[in-house]
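The values are calculated or read from the model by the stated rules, or taken from the named source; none is laboratory data. Note that this is a predicted model, so its numbers are computed, not measured. Reconstructed Cβ throughout: ideal geometry from the backbone, glycine too, with neighbour counts over all protein chains shown.
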Amino acid sequence: MPAVDDIAPTLTLASRDGTVVADGSAEDPASAAAPSFSPGFSGLRCRACAAPAPLGPNFVCTRCFGPVEATYDLPDVARRLTREVIAQRPPTIWRYAELLPVEAPPADGYRFGLTSLLPAPRLASRLGLSRLWIKDDSRNPTLSFKDRVVAVAAARARDFGFHTLACASTGNLAGAVAGAAARLGLRAVVFVPADLERAKIAQAQALGATVVPVEGPYDGVNRLCLELTDELEGWAVVNVNLRPFYVEGSKTLAFEIAEQLGWRAPDVVVAPLASGSLYTKLAKGFGELVATGLLSSAAPRYVGGQAAGCGPIADAYRRGSDLIRPVAEPRTIVRSLAIGTPADGGYAVDLARSSGGLIAGVEDDATVAAIRLLAETEGVFTETAGGVTLAALAAAVESGQVREDDETVLVITGNGLKTLDVLDTELAEPISPSIDAFLERWDAERARLV
Ligand SMILES: Cc1ncc(COP(=O)(O)O)c(C=O)c1O
Ligand SMILES: [Zn+2]
């Protein structure tokens, strides 16, 4: 077993000119549950008509069928939550617990969040940018940003007395749910499209989940889970009945970016979209930092990416329309983003327009090229969603919407080991263990590299 400090994420603070000024790291995560903590969360309400909803696994407004969301007493949080208070807390998402929908931060000692914000000078110069950062969320415990959203949902599943943690997943959520359930001693049941990448299935299985393969694309999986949620007592389906809690976890990416930049917001944030939840919650996160005085201002432009072969939000953005046309049959290698009827599509298009950003549709070959570029320039190996994200940034630079001196944060949400099938990983014939054999091979290889 590695020591806790060996596996702790590093908190990197950056100065205004982009140099790294401090490296903080781990202390005991159990102290996250400081006795003085009092929540900022103030209940659930409908996002459409603002009617209050009772605290519990409620996700649809009983008055207008709108989505239910978490609310906070932000003026009260502003009085209590300061940069100094946050700085003293352990390096996990729970350092911002007043802005998360929990009564108290769980003290289970598990570290997620506070992933590295890496300067990316080599990639920046390839793109024609001068201030580029990579928020590397591919190194969370189950290797994607989904650990953040599941952490919040799982905390509530425990509060509400559920015995089973479940989800409809395009892959990464399955692993995150399986990992959280294993830690909490809950049962995990994950529903996935049957043709999902093997690595994602293997990870969820190894973590003890029952993996249910469902025929057809993700949207059918999601519909099934919606129907099952009504049928099954004691099941927390994290992205269905716990969705109001689950989605809030994504905001922690914005909180961390601001803190790691030395409490300022970047000019541009780049992220992938499936349902559009992460993308829109980044903006909610920066907005809450301003509302609580942790940032004096924040007006990033939000650049997003979807696969062209399943890009209902990118398509609506391109058409200049608010109408999201569902995609019935995704045709893309980017399985993690292949949602044909995105729940937050309309909100995402609004955000792209109102912030001065854009949402690009990315062809699969550009996605693969971007995976390689990120790996070769910065040593970060991402899955297909990260390839889409980088390709979207390249498109935004190309179109002039992101300029050379814009401070830009590229949010890399998943790990390349999960989508090896999209890369050409053919290995050459083995050589015999002799210097001559190697030199002969190296001559040929060197010619190829030049
Ligand atoms: C790696 C990765 N990035 C981004 C997303 C987008 O998530 P959202 O549904 O919040 O838009 C997903 C969704 O599964 C994902 O797996
Ligand atoms: Zn309502």
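Need the failing condition index for residue 131 against (1) out of contact with any strand residue (DSSP E or B) (no Cβ under 9 Å at 6 or more places or on another chain); (2) basic (Lys, Arg); (3) surrounded by fewer than 24 Cβ atoms within 10 Å (Cβ to Cβ), just the number.
(1)
Return the residues of the stretch 160-189 that are in a helix (DSSP H, G or I) and more than 16 Å from ligand 1 (Cβ to nearest atom); say none if nothing qualifies.
Residues satisfying the conditions are 181, 182, 183, 184.
Report whether or not residue 124 is among the small types (Gly, Ala, Ser), modelled with pLDDT of 95 or more and under 18 Å from residue 381 (Cβ atoms).
Answer is no for this residue.
State all residues of the stretch 277-307 that are closer than 21 Å to residue 394 by Cβ and within 16 Å of ligand 1 (Cβ to nearest atom); if no residue qualifies, say none.
278, 279, 282, 302, 303, 304, 305, 306, 307
Among all residue pairs at least 6 apart or on different chains, which show Cβ distances below 6 Å where the first residue, located in the stretch 343-358, is part of a loop (DSSP other than H, G, I, E, B) and the second is more than 16 Å from ligand 2 (Cβ to nearest atom) and of a type outside the set (Phe, Trp, Tyr)?
Close Cβ pairs satisfying both conditions: 343/275; 344/275; 344/276; 344/277; 344/280; 356/301; 357/301; 357/303.
Please verify whether residue 247 is within 13 Å of ligand 1 (Cβ to nearest atom) and not in a helix (DSSP H, G or I), treating the condition exactly as stated.
no
Is the stretch 334-345 home to any residue that is more than 18 Å from the chain's Cα centre (by Cα), surrounded by fewer than 19 Cβ atoms within 10 Å (Cβ to Cβ), at pLDDT below 95 and farther than 18 Å from residue 366 by Cα?
No: the stretch 334-345 contains no residue that is more than 18 Å from the chain's Cα centre (by Cα), surrounded by fewer than 19 Cβ atoms within 10 Å (Cβ to Cβ), at pLDDT below 95 and farther than 18 Å from residue 366 by Cα.
Since residue 200 meets every condition but one in (1) charged (D, E, K, R); (2) within 18 Å of residue 137 (Cβ to Cβ); (3) without any contact (Cβ under 8 Å) to a residue 60 or more places away in the chain, which condition does it not meet?
(3)
For the stretch 261-271, how many residues are surrounded by fewer than 24 Cβ atoms within 10 Å (Cβ to Cβ) and either under 10 Å from the mean Cα position of the chain (by Cα) or part of a helix (DSSP H, G or I) (or both)?
Total meeting the criteria: 0.
Hey, can you tell me all the residues within the stretch 71-125 that are small (Gly, Ala, Ser) and either part of a loop (DSSP other than H, G, I, E, B) or crowded, with 23+ Cβ neighbours inside 10 Å (or both)? Even if it seems obvious, please write down each step before you answer.
First, the residues of the stretch 71-125 that are small (Gly, Ala, Ser): 78, 87, 97, 104, 107, 109, 113, 116, 120, 124-125.
Passing the criteria: 97, 104, 107, 109, 113, 116, 120.
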